[in-house]
Amino acid sequence: MTNLFIFNTDFRIRDNPALFYAAENGESLVAMFIHNPKKWESHNESDLKIAFQIDNLKNISRKFAELNISLKVIHAEGIEEENKKIIEFIKNNNINEVFINKEYGINEINRDQNLEKELVSLNKKLNSFDSSIFLPESIKTQSDTFFKVFTPFSKAFRSKLLVNKLEVLGLPKKQKKKTQESDQVENISLKAERKKILDLYRVGEEYALDKLDEFIDQKIFMYKEKRDFPAIGGTSSLSPYLSSGVISSRQCLFEVFKKLSEEEEGVKTWVNEIIWREFYKYILFHNPRVSKNLSFSEKYDDFPWSENQDHFIAWSNGETGVPIIDAAMKQLNLTGWMHNRLRMIVAMYLSKNLLIDWRKGEKYFMQNLIDGDFASNNGGWQWSASTGVDAAPYFRIFNPITQSEKFDKKGDFIKKWIPEISSVKNIHDPSPDERNDLGYSNHLVDLKESRKKAIEAFSNFSK
């Protein structure tokens, strides 16, 4: 009997439920990767993220050789063609059962439901496993509805952790025989400057697990104190590996609780960040609007966002005249990553001070981040824009200068990314003369006036 495992966003061998049970259940196993540029483009997936996943897949392929697992690459044109190609492969290769880890976007849910129907018609079985730590349907309010606020969700999540012992799955079983030769995994085309960015990120789940161990052993205790300061390496830097499924949230919690307890504030704060990831996936599952490019809060569907394209381009290029925002955008554009505190600052500036539709910023992030995770990225943008679940109230608008003074006090982060203004007296907000002398941008908008305008716009719209 030959089983089929299909990769989704789960580029790892350990703690991969669908892969593990596919290997347990038969005599031989084929793992399928679907090369689908049209789908990646429609989902605004960054070329960096896809290239990173492919590099991780090559690493996995070498491990598969030791386990007698065949890797097959098929090509599809868009998500709607994937099932056709899968069924074609199943028929031509005498596949017994199919195994997948679920994804929660509405297109993926529909695809998997249709695949299951087609398999039933062939007297074959689809085995699907949740990619969340807990089934999204299993965490409910006392009134039997789904949570829309993080804090009570996190309490319910932690309660389930207490009564459900976390376990992680090991390596899949070595197969008795290898029925097919593995395919070569082809690279996607990257421009030279993007290839240089990719070189910044090592691949492989062994590396990611070592990085996790190092963070737990050396950094997690100071995580609460240091995580908001972009010039300090105070975060785990695991987001590229989590967003591509090179390691799982379950592995993260398992490893930290194996050694430590939440009595430590740093541990509790970091665990909270993992639970936020689970929360946004939970929201994506329970609220299909999120997958449809709509605000979580329906009342903002027709909000009168600004159409000022010059402002959006200036923001994208890091030319807003606000040093902390410009430095953050340069970090994104040159490394494919941005510090989390800065993501909130730049998102709030775009959606509030510039009153530009949050969806334009969300798309830009997804197209440029190596760690772009749709659920988390969408949730973060909607939080900042006050349109989402458990969002910041519309009148809470970060002052980016104040944020800069608080979290980059000496301007070390700004100086790294905008060295041309290193000599100014006030690195957080250079004077007009200094800007002119150094050729640095003037403010796109007056921060106080734009804040006032945003509050008025949201207030009038909310009436």
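Taken one residue at a time, the phi angles of segment 206-223 give Karplus couplings (6.51, -1.76, 1.60, θ = phi - 60°) of 4, 5, 4, 5, 5, 5, 4, 4, 4, 5, 5, 6, 10, 10, 5, 5, 9, 4 Hz. Gly and Pro are set to x. Ordering Asp144, Asp326 from the fewest to the most neighbouring beta carbons within 10 Å gives Asp144, Asp326. Computed from Cα atoms, the angle from the helix 265-286 axis to the main principal axis of the chain rounds to 70 degrees.
Between 0 and 90 degrees, the angle of helix 82-93 with respect to the longest Cα principal axis of the chain falls at about 20 degrees.
Would you calculate, for the chain, the mean residue ellipticity at 222 nm contributed by helices, counting each DSSP H stretch of 4 or more residues as -39,500 (n - 2.57) and dividing by all residues, to the nearest 500? Computed ellipticity for the chain at 222 nm equals -15000 deg cm²/dmol.
On full extension of the chain, what length is gained from Glu263 through Asp217, given 0.36 nm per residue of separation minus the C-alpha to C-alpha distance? Computed gain between Glu263 and Asp217 is 15.0 nm. The label-point distance for Leu294 and Leu200, in a model that sets each label 7 Å from Cα toward Cβ, rounds to 3.7 nm. Each label was represented as a point 7 Å from its Cα along the Cα-to-Cβ direction; for Asn187 and Gln113 these points are 4.1 nm apart. If you model segment 298-462 as an ellipsoid using its alpha carbon gyration tensor, with each semi-axis the square root of five times an eigenvalue, the axes come out at 26, 18, 14 Å, biggest first. Ordering Glu362, Glu167, Glu81 by the number of other Cβ atoms within 10 Å of each residue's own Cβ, fewest first, gives Glu167, Glu81, Glu362. Against the chain, whose longest principal axis comes from its Cα atoms, helix 358-368 is set at around 60 degrees.
Our estimate of slack between Arg62 and Asn96, defined as 0.36 nm per intervening residue step minus the Cα-Cα distance, is 9.8 nm. Note on Met329, Met344, Met1: ascending count of other Cβ atoms within 10 Å places them as Met1, Met344, Met329, the fewest first. Less than 5 angstrom separates the built amide H of Asn127 from those of Val98, Phe99, Ile100, all sequence-distant by 5 or more or on a different chain. Phi angles across segment 347-357 convert, under the Karplus curve 6.51 cos²θ - 1.76 cosθ + 1.60 with θ = phi - 60°, into 3J(HN,Hα) values of 5, 5, 4, 5, 7, 10, 5, 9, 6, 8, 3 Hz, Gly and Pro given as x.
Per residue, the average separation of C-alpha pairs within less than 8 Å and at least 6 apart gives segment 298-462 a relative contact order of 26 percent. Ordered from longest to shortest, the equivalent ellipsoid semi-axes for segment 39-155 are 30, 21, 16 Å, each the square root of 5 times a Cα gyration tensor eigenvalue. Please tell me which of these pairs span more than 29 angstrom C-alpha to C-alpha: Lys72/Lys173; Lys195/Lys410; Lys38/Lys281; Lys258/Lys363; Lys124/Lys258? Where the Cα-Cα span goes over 29 Å, the pairs concerned are Lys195/Lys410; Lys258/Lys363; Lys124/Lys258.
Rule-based calculations on the coordinates, nothing more; no lab input. Keep in mind that this is a model prediction, so the values were computed, not measured. Quick reminder, even Gly has a Cβ in these numbers, built from the backbone with ideal geometry, and neighbours come from all protein chains shown.
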